[in-house]
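Working notes, beginning with the structure itself.
The values are calculated or read from the model by the stated rules, or taken from the named source; none is laboratory data. Being a predicted model, the structure only gives us computed values, none of them experimental. Heads up, the Cβs are rebuilt from the backbone with ideal geometry, glycines too, and the neighbour counts pull from every protein chain shown. All accessible areas refer to the heavy atoms of the entire protein, side chains included, with ligands and DNA or RNA removed. Shrake-Rupley method; radii C 1.70, N 1.55, O 1.52, S 1.80 Å.
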Amino acid sequence: MKRLVVVESPTKARTIRKFLPAGYQVEASMGHVRDLPSSAAEIPESVKKEKWARLGVNVEDGFTPLYIVPADKRKTVKMLKDALKDADELYLATDEDREGESIGWHLLEVLKPKVPVRRMVFHEITKEAILRALDETRDLDTRLVDAQEARRILDRLVGYSVSPVLWRKVAPKLSAGRVQSVAVRVLVEREWERLDFVKAAYNDLSATLEQGGTRFEARMSHLGEQRLATGKDFDEKTGTLKATGAAAPLMLSNDDARALAARLKDGPWRVSSVEQKKTTRKPGAPFITSTLQQEANRKLGMSARRTMQTAQKLYEQGHITYMRTDSPTLSQEALDAARAAVDRRYGKEFLSPSPRQFSAKVRNAQEAHEAIRPAGTQMRTRSEIGLSGDEGAVYDLIWKRTVASQMADARLLQTRALILASEGTADASTFRASGQVVEFAGFFRAFVEGKDDPGAALDDRDNPLPALAENDRPACRAVEAQGHETKPPARYTDASLVQKLEAEGVGRPSTYASILDTIVFRGYVTRVGNQLVPTFTAFATTNLLEKNFERLVDTQFTARMEAELDGIAGGEESMRPYLERFFNGADGLDAQVAAGNDAIDPREISTIRHAKWDPYIVRVGRYGPYAVGPDEEKRGSLPPDAAPADVTREDIEALLDAGGDE
């Protein structure tokens, strides 16, 4: 008896072949074998004259999608059909998620098998998992197929309806998208905050003290009874002091701070009080898709795309479980394996008293699979497998996070001392010193979030103060005035943007990598180091969408859309009535597009003003951003990737004085 097994990729096919009994033929579909047409050339002649043909969705008849087999997939389809001719059974072994279910459904529609069909699912590629999946096949889940199809159609309706408006009103080759436009708006809003931000300067003092031969640092908090200003006293968006009048903290001038430092240097110092507090730190949950992307970005500097490509290879090679999941739960098999690894490598004292399980904190989490973890039951390390490069680095993160989740809490002893300087004088000041000692490393031995080297991270967390007691008189070795300047809100990185979108319930973890790629490719964002910097084109596009398609860039509306799409997957919502409400009717997307084509003033939409630039403005033209002088007598092109919040009035003046584009 011959059985044909179809998976998505050649790598996955090669790995699975090793575990299947004789009589199984494994072939790769190379992803989807059908999709909506991507260009006019792919639209069949029979429907080319239909009004809806450009969309690839018949919005006049139940939102029926127009599926075609792309030219580059015809050879694959023929190969699969030929293989199926000799098969007695067909196994669909595509990934265990909506996308995989959809690929399986499209394969059925194209291959039209006349033999029994079995849906084979697994979340790791090990011999045990594959053989178990052969015995536990199921039918195709049409609800998951409907949910994926609704998503695909919805994205097509938004992109193909709104993007032409951007071409006509802003610039060619732009695109709009259900998730990408929200992501761009989030970045633009942060850039506006940076543009609005007004820097403020404040000063404090830092003292180097010595007790028992050990030096330590203390920072001034009060002059007499008045508290000194710190960074927390300034509004993080505007840079201005939060409190005014009597409630305002003391703002030392630079000269006053220097003079005070000189006077305190030789004055008496006394420990006023010492407080110690024991605290614990608990390990984080095993990785889900989004947290893996965030941690790989923070620790390894990897983009979301590079992380997912690497994780895909690790999964297909049989090294980790499926990497698209929003469930942090571990199977019993994984719990046993992780706890055995802790016992073996670190000792029983480093095990948590009982197995730790975690539940999802993601909005609209589906928890379709378990967490991302090393595959199998051995919990082999990177070196034991022989991995290196990106694959070794990402696998190491996953291994450490999984093992750490089953380790004991870390225990720390924190010490805080208040130290008085020049008591009884007009310069009486209070300084604070704090220290920390790791009494028991616990899970720190394996993994510290946001750090790359656990050993180094442990050193960072050990910052002890010398033994101090009330009324001790430490020696003062130096007092320095330190000037500070408030900083605008940080721009988003791959990690923080993914975190923001996830927290808002916008998009799905599996889509974030492609979304980031798209907004960079379309010129909405440039990468500067680890920062995602929106361009002036992003400003103009967001301006148009906010004023004319506000719902499409509203995070709450987009999050509700995600919930409704989840409802389709769960059977609580029907796909076609939902699409009908979204697209047709007086408030539907189609009507909004028609109204926007007539009402949008391209010149006004593309004009960006800010008080910092007065009397100048910036416009986005078909060939990029340019600055305009008063009465529009002068204009000059700005670099396409100019960061809006970094452009100053002086920059514009210099550009226009140099001749601009007169």
Any idea how many Lys pairs in segment 22-126 come in under 20 angstrom at the alpha carbon, given 8 or more places apart or on separate chains? 11
Percent relative contact order of the chain, based on C-alpha pairs within less than 8 angstrom and at least six residues apart? 16
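Among the helices of the chain (complete DSSP H runs), which have Cα atoms covering no less than 30 Å along the helix axis and a Kyte-Doolittle mean of at least -1.0?
Details: long enough: 142-169 (40 Å, -0.24).
Helices passing the filter in the chain: 142-169.
Does segment 264-304 classify as rounded, prolate or oblate by the C-alpha gyration tensor (a ≥ b ≥ c root eigenvalues; a/c under 1.5 gives rounded; else a/b over b/c gives prolate, otherwise oblate)? Walk me through the numbers on the way to the answer.
Numbers: a/c = 9.21, a/b = 2.36, b/c = 3.91.
The shape class here is oblate.
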With every protein chain present, what is the per residue accessible area of segment 522-613 (1.4 Å probe, Å²)? 42
Using a 1.4 Å probe, how large is the accessible area of Thr648, given in Å² and rounded to the nearest 10? 50
Determine how large the accessible area of Trp192 is when every protein chain is in place; take a 1.4 Å probe and give Å² rounded to the nearest 10. 80
Counting only residues 5 or more places away or on other chains, whose amide H sits under 5 Å from the amide H of Thr64 once H atoms are built in the peptide plane? Asn58
Amide proton proximity set for Met407, modelled H, under 5 Å, gap of 5+: Ser352
Over the heavy atoms of Ile515, what accessible area does a 1.4 Å probe trace out, to the nearest 10 Å²? 30
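Tell me the mean residue ellipticity at 222 nm calculated for the chain from its helices only (DSSP H runs of n ≥ 4, each -39500 (n - 2.57), averaged over every residue, nearest 500). Display every interim value, and only then the final one.
Values: 21 runs with 250 residues, N = 662.
Mean residue ellipticity, 222 nm, calculated: -11500 deg cm²/dmol.
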per DSSP, antiparallel bridges as share of beta bridges in the chain, % nearest 5, sits at 85
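Between rounded, prolate and oblate, where does segment 499-628 land on the alpha carbon gyration tensor, with a ≥ b ≥ c its root eigenvalues, rounded for a/c under 1.5, else prolate if a/b exceeds b/c? Write down the numbers at each step before the final one.
Details: a/c = 2.77, a/b = 1.47, b/c = 1.88.
Taking the square roots of the gyration eigenvalues as a ≥ b ≥ c, segment 499-628 is oblate.
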Measuring with a 1.4 Å probe in the full set of protein chains, what accessible area per residue, in whole Å², belongs to segment 185-267? 53
Averaged per residue, the 1.4 Å probe accessible area of segment 1-156, protein heavy atoms only, in Å², is roughly 48
Around Thr526, which amide H atoms from residues at least 5 apart in sequence, or from another chain, sit under 5 Å from its own amide H, with H modelled in the peptide plane? Val533, Thr535
Under a point spin-label approximation (7 Å from Cα along Cα-to-Cβ), what is the Asp590-Thr208 distance to one decimal in nm? 7.5
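Based on the alpha-carbon gyration tensor of segment 30-105 and its eigenvalue square roots a ≥ b ≥ c, which shape applies: rounded if a/c is under 1.5, prolate if not and a/b is larger than b/c, or oblate? Please list the in-between numbers first.
On the way: a/c = 2.58, a/b = 1.77, b/c = 1.46.
Because a/c hits 1.5 or more and a/b exceeds b/c, segment 30-105 counts as prolate.
When only C-alpha pairs under 8 Å and at least 6 residues apart count, what is the relative contact order of segment 295-452, in percent?
Details: 226 pairs, mean separation 40.0, N = 158.
After rounding, I find 25 percent.
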Taking a crude spin-label model, label points 7 Å out from Cα along the C-beta direction, the Arg168 to Thr377 distance in nm is 6.4
Compute the relative contact order of segment 208-289 as a whole-number percentage, counting only Cα pairs closer than 8 Å that sit 6 or more residues apart in sequence. 15
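Counting only protein heavy atoms and using a 1.4 Å probe, what share of the accessible area of the chain belongs to carbon plus sulfur, as a whole percent?
Numbers: 14240 of 29910 Å².
Carbon and sulfur together cover 48 percent of it.
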Please list 3J(HN,Hα) in residue order for segment 112-124, calculated via the Karplus relation 6.51 cos²θ - 1.76 cosθ + 1.60 where θ = phi - 60°; whole Hz, with x for glycine and proline. 6, x, 9, 10, x, 10, 10, 9, 10, 10, 7, 10, 8
